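Quick notes on the structure that follows.
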Amino acid sequence: MVLTPEMARAGVTPQMLSSTHRFKCPNCGKEFSMFQSRAIACRGCPNVNQDCKFVRCVHCDKEFPVLGFVVNTKEKEKFLSKYMGGVVNRHYNSFGYNNRR
């Protein structure tokens, strides 16, 4: 998906677009997004809000590195991992921490 001027005006960032893109799991073949991964499969993991460099399939629970699966450079990996860690931290600060998966 391409970031359009309308999306940018609405507050959508390239990082948000990357994290909502759906990926096909190489293990089970089902689709999920990085947001789903952090919100569902990674909940309860102590690294979920610490700039984790992995993404976990919400269907089969298999873990993959962000680099090569979601992004293609170390810089993008670091930036997206930090972005998603911030999203999770803001959620925890707003709604409280829940470590149940």
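The values are calculated or read from the model by the stated rules, or taken from the named source; none is laboratory data. What you see is a predicted model, and the numbers here were worked out from it, not measured in a lab. We place every Cβ from the backbone using ideal geometry, glycine too, and count neighbours over all the protein chains shown.
Taking the range 26-44 as the search range and keeping residues that are under 14 Å from K62 (Cβ atoms) and in a loop (DSSP other than H, G, I, E, B), which one is modelled with the lowest pLDDT?
C42
Quick check on the range 71-90. Is at least one of its residues of a type outside the set (V, I, T), in a strand (DSSP E or B) and surrounded by 12 or more Cβ atoms within 10 Å (Cβ to Cβ)?
no
Scan the range 43-62 residue by residue and report those that are within 13 Å of the chain's Cα centre (by Cα), without any contact (Cβ under 8 Å) to a residue 40 or more places away in the chain and either surrounded by 15 or more Cβ atoms within 10 Å (Cβ to Cβ) or under 22 Å from P14 (Cα atoms) (or both).
Q50, D51, C52, K53, F54, V55, R56, C57, V58
Restricting attention to the range 7-42, and to residues there that are farther than 15 Å from G86 by Cβ and among the aromatic types (F, W, Y), which single residue is surrounded by the most Cβ atoms within 10 Å (Cβ to Cβ)?
Result: F32.
If I filter the range 91-98 for residues that are closer than 28 Å to V2 by Cβ and touching a strand residue (DSSP E or B) at 6+ places or on another chain (Cβ under 7 Å), do I get at least one hit?
Taking every residue of the range 91-98 in turn, none turns out to be closer than 28 Å to V2 by Cβ and touching a strand residue (DSSP E or B) at 6+ places or on another chain (Cβ under 7 Å).
Pull up the range 1-25, narrow it to residues that are in a loop (DSSP other than H, G, I, E, B) and touching a strand residue (DSSP E or B) at 6+ places or on another chain (Cβ under 7 Å), then point me to the one that is farthest from C60 (Cα to Cα).
H21
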